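Accompanying notes for the structure given below.
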There are 2 protein chains.
Amino acid sequence: MKKKITIAIDAMGGENSPKKNIEGLNIFLKKNLNNNDFFIKLFGNETILKKHLLDFNIKSENIEIVHTDSVISDEESPLTAIKNSKNTSMWNSIKSQVDGESDISLSAGNTGVLFVISKMILKMMNDVSRPALAGLWPSKKGMSVVLDLGANIECDEKNLIDFSEMGAALFKSIFPKQKPHVALLNIGSEEIKGTEILKKTYSKLKELNSEDNFIFNGYIEGDQIMNGDSNVIVTDGFTGNIALKTAEGTAKFVVDSLKRSLTENLFSRLSILFSYFPLKKFKLKLDPRKYNGAIFLGLNGPVVKSHGGTDAVGFYHSIDLCYRIIKGNLMEEIKTNLSHLNVGEKTN
Amino acid sequence: MKKKITIAIDAMGGENSPKKNIEGLNIFLKKNLNNNDFFIKLFGNETILKKHLLDFNIKSENIEIVHTDSVISDEESPLTAIKNSKNTSMWNSIKSQVDGESDISLSAGNTGVLFVISKMILKMMNDVSRPALAGLWPSKKGMSVVLDLGANIECDEKNLIDFSEMGAALFKSIFPKQKPHVALLNIGSEEIKGTEILKKTYSKLKELNSEDNFIFNGYIEGDQIMNGDSNVIVTDGFTGNIALKTAEGTAKFVVDSLKRSLTENLFSRLSILFSYFPLKKFKLKLDPRKYNGAIFLGLNGPVVKSHGGTDAVGFYHSIDLCYRIIKGNLMEEIKTNLSHLNVGEKTN
């Protein structure tokens, strides 16, 4: 029998936890009634979790509660986290990966602390220069992977090349039927544009370009992130974070402007009645909850960070992401991709 | 009599020139029928320009054609531009500033060449470490100034401080009734976040914060660019260019998704009839032509770059921007602001 995909969930992290976490799990279970290839470990207060499971009438043999007394507060600083977070639901869920009891962990709790203790508990993979935070980004052709989104504010070419290999591996694991097309984010598409670090990364990625590995599309500019021609977009954590937040702010600004135009007088409010279904469809298409879940890559085990403020639907999408990542053999894909780098180094 | 605001227009630059340039001028003239405080110098082929002025029935004593035979091609490289661009419409329009014949120049031609020859002809202001490219950005409260948008891919604290002073001066000149609120773009709003350069800039801007000069709002993240609390947003040219393009791409993606949802079947297409006016208003509000015109700051005279692909309405907005910049005494404002820096250095 094949080993089950085991997801360790910090059930106590994020706003409205553990209610939203359990409600999200409930959505996941309902969507996977015909699948029996997963197992969920819920880390948190057993009494509270049992009550919530009961509220949603969840009775699955694919769930286990692992009791932990304490929870990491949102105010905890990453600097003191190691001392104060031992035996919390977050700590123990990550720890379960090292103990071979789970394949991936998911938390909607304190981001800074999650990264610090993930790094400490799981440790960095051999041959990875730095871990990176990857996210899903909507595009005209589906979804893309963008990294780094803020784990490293300054990066050299070795980091950016690692991010490309890990990002391509992540893309393959989540979308096994598609090919990864890597692009470097820059301020022009000509080969001579950009910083020295970008130029060096460009040359190396051109060498690494291959059908088995990834297609390298060269540089793209910010306005091409969402056209879908490239689906693995690589940048340093400073630029990636600014781009992500700017895109979020812009989408909100545009949608808010639309809302204001559609509700500012009686006539326009009436008109919404007629556009109700198309507008609902539009809203669904852009629903940020579908992209909820940033993936911490480069450690000896993947960690997914759900947005703290998301709801049950958003949390469900993060659980689903964990499931797909492991089903798609992320860790193996990363190891294979990183081995290209080593081969390259040896023959050079 | 007060000296007239004199705008030197490269009438031959950009797609569909000079037709769109003259048509844009026509819009400007119609909107300023009651103003007599401006003078337009049109640089380009006299015969062609005369014909177009006639086509739009433009007869104004506030316009003069300055004949030039040649035009800079869009394919011209900035590297060979100096040799090949002498006596073109672009060159001569900028040159007229040095000769005291105009206050500002505007071109929709080759961007790279425009920057190189502007720098060469106008030269950098005393006390400015580097020139910057500033743009207008829509916000919930109106418009903001964002700089640098790509003139400098790497910046130190001195550059960023100069950009803050010049950006605040630009904001004051365009929006004389509002106060500039400067913010530094970063990946977190806490004082300890970001690169060393940003931290040093932060400390210095905190010192420069004053009612006469500008209010310093500290760091903002990408999703706050458009909330309008800060209206002068400062960053290096790499980050600024990525943020600008990402915002453009995101707005396009959202609007395209909306369009698709509203036109994908007969029912949804019918619904547009009812939402026609609110949707039109929404479109107008976000019209990128209203923000057309990037301002090259830090030289001994301002140069405005219109988007090459814009139409007559977009070009009109660039002419209007030139008019407002000079009416608002941009150069004086910049000099006053830069003097704060010098005072600070002397007393420190």
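Bear in mind that the values in this text are calculations on the coordinates, not laboratory data. This structure is a prediction, so every number in the text was calculated from the model and none was measured. Glycine also receives a Cβ, built like all others from the backbone with ideal geometry; neighbour counts cover every protein chain displayed.
Numerical summary
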quantity: Label distances, nm, A:P78 versus same residue in remaining copies, Cβ-directed 7 Å point; calculated: 3.5
quantity: Estimated 222 nm signal from helices in chain B, with DSSP H stretches of n ≥ 4 weighted -39500 (n - 2.57), rounded to 500; calculated: -15000 deg cm²/dmol
quantity: Overall dimensions of segment A:129-297 as given by Cα atoms, namely Rg and Dmax in Å; calculated: 18.3, 61
quantity: Percent RCO, i.e. relative contact order, over chain B, from Cα pairs under 8 Å lying at least 6 residues apart; calculated: 23 percent
quantity: Magnitude of the charge dipole, the protein assembly as shown, Cβ model with Lys/Arg +1 and Asp/Glu -1, debye to 20; calculated: 2100 debye
quantity: Residue-averaged beta-carbon neighbours from other chains (10 angstrom radius) around A:260-271; calculated: 4
quantity: Rounded Å value of the spacing that divides the Cα centres of segment B:296-318 and segment A:173-197; calculated: 31 Å
quantity: Three-way shape label, chain A, alpha-carbon gyration tensor, a/c 1.5; calculated: oblate
quantity: Average partner coverage of A:235-245, which counts Cβ from other chains inside 10 Å; calculated: 6
quantity: Trypsin sites (Lys or Arg not before Pro) within segment B:120-224: DSSP coil, no more than 14 neighbouring Cβ in 10 Å; calculated: B:K123, B:K140, B:K141, B:K177
quantity: Antiparallel DSSP beta bridges within chain B, percent to nearest 5; calculated: 30 percent
quantity: Rough spin-label spacing in nm, given labels placed 7 Å along Cα→Cβ, for B:N227 and B:S60; calculated: 4.1 nm
quantity: Sparsely packed GluC sites (Glu not before Pro) within segment A:85-188, loop by DSSP, other Cβ within 10 Å at most 12; calculated: A:E154
quantity: Shape of the protein assembly as shown, Cα gyration tensor, a/c cut at 1.5; calculated: prolate
quantity: Dipole magnitude of chain A, debye to nearest 20 (Cβ charges: Lys/Arg +1, Asp/Glu -1, about Cα centre); calculated: 1080 debye
quantity: Per-copy distances of the A:S203 label point, shortest first, in nm (7 angstrom along Cα→Cβ); calculated: 3.7
quantity: Fewest-first ranking of A:S89, A:S210, B:S118, A:S60, using other Cβ atoms within 10 Å as the exposure measure; calculated: A:S210, A:S60, B:S118, A:S89
quantity: Across A:K123/A:K204; A:K123/B:K206; A:K204/B:K83, pairs whose alpha-carbon gap is larger than 29 Å; calculated: A:K123/B:K206; A:K204/B:K83
quantity: Shielding of A:181-187 by partner chains, average beta-carbon count, 10 Å; calculated: 3
quantity: Cross-link table B:K31/B:K177; A:K281/B:K193; A:K41/A:K259; A:K140/A:K259; A:K31/A:K177; B:K20/B:K158, entries beyond 32 Å C-alpha to C-alpha; calculated: A:K281/B:K193; A:K41/A:K259; B:K20/B:K158
quantity: Charge dipole magnitude, Cβ of K and R +1, D and E -1 - segment A:211-348, Cα centre, debye nearest 20; calculated: 780 debye
quantity: Positive-end residue, chain B charge dipole about Cα centroid, Cβ charges, pick of B:V71, B:F238, B:F175; calculated: B:F175
